[in-house]
Amino acid sequence: MSPSLKTAKWFPWLVLFSGGLVLAANLGIRPSLGLFIPDMLTATGWSASVFGLAFAIQNLLWGISAPIAGALADRFGTTRTLIGASLFYAAGLYLMGQSSSPTALYATAGLMIGIGVGASSFAVVLAAISRVFPPHRRSFILGLASAGGSIGQFIMAPTTQALNSGLGYVGALTMIALISLVIMPAAFALTGRADHSPGSATAATDLGPTSLIDAFHEARKHRGFLLLNAGFFVCGFHIAVIATHLPTFTQLCGLPPSVASNGLAIIGLFNIVGTVTAGWFGGRWRKKWGLSLIYGTRALVIFVFLISPKTAETIWLFSALMGALWLSTVPLTSGIVAQVFGPRYMATLFGLVMLSHQIGAFFGAWLGGLFYDMTGSFDAIWILSIALGIFAALVHMPIDDTALRREQPSTGKA
């Protein structure tokens, strides 16, 4: 992409739109995959823990690949990284439908999709967007970008259910694999690396670490960074429990599959409001207070849901409330990383925080299936989710979010 194009006034908005499109495909498809579990359970005869472990592996590989992809994007550019991720994602989706054994399911739904999702998710996309917007607008802009994933989920949940009903899970996964390839053309607008090019929206007066290794060592010694990792572990746990097991839970309650697909769509719809509101909040007040409020509210919502009668209406209300709290943690968490350490190595550092998120998601997906197989109920996983929500609300309070170095606007405009 030519330097003159990168300095155009509208270029940052093209980057924002393209990043939102990548996240719409990435995060629209991924939460909808749980809708296939009930039919695949019936067709294959495998246990719920098999699918729980497959999705746990997926979440773990997502976490492992995120900082690696962030480092590759910081070193070799965002576009190349996203194209490679798109190919992994599409291949994993197609081959998931062809799986004839648990091992094949672990390799496709687990390994391949996990790498594809992790390498095309927040760490890479939000870092590219952060580089073209100034600090005072960054929190709100990251909220808008994160809302792209919410729009994708709102669209893909009912689309996935319709494809599954009409084509069966094999045909549906083939179609979804083709849809995921939209990431490739969008990737070409998300150019750039960690260096401060003339088109960047910001330049630091103190560039700080001059290598990824130095940036890592600076972050690991920062207590606030460690606390962010602990809190984001809980976020991943909550999301994986709901995205993976809500379809099976609604079936257990004697409700039709449409209740779960509508619930996931409602999550996506209200997620738009949540992420944009969180981005707006983070631009005006301290982001750590917003995170404490979100996690504490999650614990309360799950508790009320646990003791409520399980009808379609209560599940949809639960979905709406959790949707408003779903990805609203992302603009605030990523905003603190950019605020404290600067945008230069944000892809790598937020990738490390995403690793913690996905370790939490591993345990959420795996333990949900395991507890269900052991007890025939999801009550234990809901209770654990409540306790972790309270923990996360408390752990963000002592975070020191003071910037380690000052940024100043450069000649680029956004």
Looking only at the range 19-61, and only at residues there that are in contact with a helix residue (DSSP H, G or I) (Cβ under 9 Å, 6 or more places away or on another chain) and hydroxyl-bearing (Ser, Thr, Tyr), the one that is surrounded by the most Cβ atoms within 10 Å (Cβ to Cβ) | Ser32
Could you list all residues from the range 327-341 that are closer than 21 Å to Ala215 by Cα and open to solvent by 10 Å² or more (accessible area, probe 1.4 Å)?
-> Gln339, Phe341
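Among the residues of the range 86-97, is there at least one that is over 24 Å from Phe249 (Cβ atoms), surrounded by fewer than 20 Cβ atoms within 10 Å (Cβ to Cβ) and under 19 Å from the mean Cα position of the chain (by Cα)?
yes
Give me the residue from the range 266-287 that is touching a Leu at 6+ places or on another chain (Cβ under 8 Å) and over 9 Å from Gly323 (Cα atoms) and, out of that set, surrounded by the fewest Cβ atoms within 10 Å (Cβ to Cβ).
That would be Val276.
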Conditions: (1) in contact with a Ser or Thr (Cβ under 8 Å, 6 or more places away or on another chain); (2) within 17 Å of Gly70 (Cβ to Cβ); (3) not aromatic (Phe, Trp, Tyr). His396 meets all but one. Number of the miss?
-> (2)
Which of the residues spanning the range 123-138 are open to solvent by less than 10 Å² (accessible area, probe 1.4 Å) and either of a type in the set (Ser, Thr, Tyr) or in a helix (DSSP H, G or I) (or both)?
-> Ala123, Val124, Val125, Leu126, Ala127, Ala128, Ile129, Ser130
Return the residue satisfying two criteria in turn: it lies in the range 307-326 and is open to solvent by less than 40 Å² (accessible area, probe 1.4 Å) and over 23 Å from the mean Cα position of the chain (by Cα), and of such residues it is nearest to Asn262 (Cα to Cα).
-> Ala312
Quickly run through the range 253-264 and pick out the residues that are open to solvent by less than 10 Å² (accessible area, probe 1.4 Å) and not hydroxyl-bearing (Ser, Thr, Tyr).
-> Val259, Ala260, Gly263, Leu264
Test Ser2 against the stated conditions and say whether it is at pLDDT below 85 and surrounded by fewer than 24 Cβ atoms within 10 Å (Cβ to Cβ).
-> yes
Filtered residues of the range 42-62 (kept if farther than 18 Å from Ile242 by Cα and in a helix (DSSP H, G or I)) | Thr42, Ala43, Thr44, Leu61
Odd one out for Lys310 among (1) over 25 Å from Leu16 (Cα atoms); (2) part of a helix (DSSP H, G or I); (3) touching a Leu at 6+ places or on another chain (Cβ under 9 Å) = (2)
Answer yes or no as to whether Phe362 is within 28 Å of Ile129 (Cβ to Cβ), at pLDDT below 80 and of a type in the set (Phe, Trp, Tyr).
-> no
Matching residues in the range 344-379 - criterion: being more than 15 Å from the chain's Cα centre (by Cα), open to solvent by less than 10 Å² (accessible area, probe 1.4 Å) and over 18 Å from Gly236 (Cβ atoms) = Met346
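The values are calculated or read from the model by the stated rules, or taken from the named source; none is laboratory data. Because the structure is a prediction, the values reported are computed rather than measured. Reconstructed Cβ throughout: ideal geometry from the backbone, glycine too, with neighbour counts over all protein chains shown. To get the accessible areas, we keep the full protein, side chains included, count just its heavy atoms, and leave off ligands, DNA and RNA. Shrake-Rupley method; radii C 1.70, N 1.55, O 1.52, S 1.80 Å.
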